[in-house]
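Each remark here refers to the structure printed beneath this line.
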Amino acid sequence: MFKSRTEGSVVFKCTVRLLEEPDVLECEFQPNHKGCNLLDYVCEQMDIKDKDYFGLRFVDVTRQRHWLDISKLILKQVKDVEPIVFSFRVKFFPADPFRLTGNSKIMIYQQLKRDLIHGRLYCSAGEAAALGSLIVQEELGDYNPEIHVGDYVSSLKLALRQTDQLERKVIELHKKREPGQVDHMVVDEFLSIARGLETYGIDPHPVKDHRGTQIYLGINYTGISTFASGKRVQHFRWPEVHKLNYEGKMFIAHLSYTDRESREPKKHTVGFKCPTGAACRYVWRCAIEQMLFFTLPNSQNASVMSGGGFIRGTKFRYSGRTEREILTESLNALRQQHLLNNTSPSKRKANSVPATPSSPQGDLAEMRYSSLPRSTMSEPMGCDRFCQDSSVIPCLETVSEEARRQTENSDLPDYYFRDSFEHSSSESGYTTNYDALRMGPNRLHHNQNTTDNFTFHMHQQHNNNTSSSTAMANQQNAINSAKKNMKKFSILHAFIPSFIFVIVVLAIMTVFILESESDNFVTFKNLPEMMSLNYQYYQPFKDFLLRRLGLKS
């Protein structure tokens with residue numbers, strides 16, 4: 001199914017569930033295939049061009065969800081999963097879903113329809129009825145009084161809590177719809193309503209605040225939000241998020257923002273307790289991926305992110321393209337097409353008329369990154385309107401001072417994204433005598449004697465400086481020689497030999513197990529990691545050595 005560098009006889013089978021509930025895709029992969037191979041194959045089968053917005057999700061033996069890492073081996077990620085089942089889902093919801101074309105936009109629509117049915121796309125009763133009528137229009141077509149009689153929408157699943165009142169409202173709106181609308185018009189109208197909701201693109205994570213109150217954490221292209229009773233309590237925009245970390249079950253967000261009243265920069269730390277440590281790592285990774293995908297200018301600027309402390313920490317490096325890279329590529333393609341259209345033989349201008357560059361118009365202007373819709377529903381930090389009501393969850397307080405000190409003193413990298421860097425003029429190491437440049441020829445000639453005297457004094461001062469600098473150099477050399485004579489203990493002198501010894505022992509043990517015919521090692525040799533190591537690295541390296549030694553033709 002996939003192209004691989006090494007031909008292996010071991011093939012693993014998996015099932016990919018698509019967005020339409022009964023549809024599945026049976027796939028196969030080999031031990032050396034990565035997550036990107038499987039995702040590319042699924043997107044190719046479904047004719048999806050914008051594959052960067054989609055992903056494959058699976059559930060491990062502890063019932064914890066994970067996104068399949070496209071940069072790592074599939075077999076290593078699902079080693080304990082049986083049977084291997086993936087779910088094809090939208091991973092990054094774009095701010096403007098109308099930029100996607102073809103089946104990509106249809107997949108966004110189907111994902112939002114699933115979110116509405118499962119209660120993730122939370123909205124008011126009126127908005128749910130409007131979205132439900134569009135689903136009915138897309139699946140049943142125009143209203144026909146001879147066909148659509150009685151409670152004909154009851155056979156369709158439209159919402160999580162589908163009541164009789166909601167169905168009657170959907171029927172009423174379906175009757176009022178203008179006949180003759182094609183499917184893509186209905187889909188566009190559905191996306192237009194859905195993308196304006198606060199829960200657009202939100203996959204709620206159950207967490208608890210500092211008071212132990214059950215709330216839900218949502219992450220999308222705008223930032224991090226908290227929800228209680230279906231309402232957004234707080235919203236932290238990505239420009240305000242300074243750093244993300246987790247410790248045990250605690251997901252921690254470090255914020256930097258400007259106070260609206262005092263106009264002073266402030267820092268704030270919020271913590272959310274997750275049900276388990278694995279769930280906390282999953283929330284942290286989802287937040288990191290969402291933040292980097294929607295904020296980084298390109299994936300080359302992505303550094304290795306660390307979280308969870310030094311002992312049992314997690315390192316993550318973002319792989320794949322960012323949204324800005326996708327938009328830039330689309331913009332360049334439109335510009336190229338625009339130039340080709342303007343330089344066609346029928347539209348060429350005369351040589352006497354100078355050509356002037358034209359600014360992008362129409363669809364080209366809509367591709368600008370700055371034109372993305374921005375959320376206007378963000379609440380001010382520290383002064384939420386929800387905090388004034390004692391019946392609603394108040395603003396989250398900072399975590400303990402000890403936890404903050406541990407996090408600030410750690411070696412974890414800070415997440416700064418700057419477009420430009422300022423350099424001081426002294427860094428260049430070059431200065432210019434602007435006063436000499438301002439003097440004209442006459443003034444230079446008039447001050448010739450003064451210049452000669454000044455040069456003499458400069459030579460004398462240079463000799464004095466040379467003697468003093470020589471003495472300082474001799475003193476510095478003596479200090480350096482004394483430091484070299486001192487024998488200091490270096491941890492590398494003890495660590496490197498031990499590390500090399502351990503690597504050699506592990507290599508010898510691995511070769512012994514792979515070459516052994518004993519039944520005692522059958523279980524160990526059948527592990528996915530050992531099989532992947534055997535087929536991808538050991539066997540090719542062994543054949544290479546045998547050919548070089550002349551033992552194998």
Inset, instruction - Give the order of 242, 33 when sorted by the count of other beta carbons within 10 angstrom, beginning with the fewest. - result: 242, 33
Inset, instruction - Sticking with the crude label model, points 7 Å out along Cα→Cβ, report the distance from residue 531 to residue 319 in nm, one decimal please. - result: 2.0 nm
Legend entry - Residue-count net charge about residue 49 - beta-carbon cut-off 14 Å; Lys, Arg +1, Asp, Glu -1: -2
Legend entry - Sparse-neighbour loop sites [trypsin sites (Lys or Arg not before Pro); segment 59-129; at most 12 other C-beta within 10 Å; DSSP]: 63
Inset, instruction - For segment 135-221, build the convex hull from the C-alpha positions and give me its volume per residue in Å³. - result: 128 Å³
Inset, instruction - Based on other C-beta atoms within 10 Å, arrange 514, 100 from fewest to most. - result: 514, 100
Legend entry - Projected label distance in nm at residue 332 and residue 81, using a 7 Å step from Cα toward the beta-carbon: 3.4 nm
Inset, instruction - State, as an integer percentage, the relative contact order of segment 188-274 based on alpha-carbon contacts under 8 Å between residues 6 or more apart. - result: 20 percent
Inset, instruction - Just subtract the alpha-carbon distance of residue 175 and residue 10 from 0.36 nm times their residue separation and send over the number in nm, one decimal. - result: 53.7 nm
Inset, instruction - Could you work out the per residue convex hull volume over the alpha carbons of segment 497-548, in cubic angstrom? - result: 90 Å³
Legend entry - Residue exposure sequence - 329, 82, 247 - by fewest surrounding Cβ within 10 Å: 82, 329, 247
Inset, instruction - Can you tell me the equivalent ellipsoid semi-axes for segment 12-90? Use √(5λ) from the Cα gyration tensor, largest first, whole Å. - result: 18, 14, 12
Inset, instruction - Give the calculated FRET efficiency between residue 552 and residue 517 to the nearest 0.05, with a Förster radius of 25 Å applied to their Cβ-Cβ distance. - result: 0.80
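Bear in mind that the values in this text are calculations on the coordinates, not laboratory data. Quick caveat: nothing in here was measured; it's all calculated off a predicted structure. Ideal geometry is used to build each Cβ from the backbone, glycine not excepted, and the neighbour counts take in all protein chains shown.
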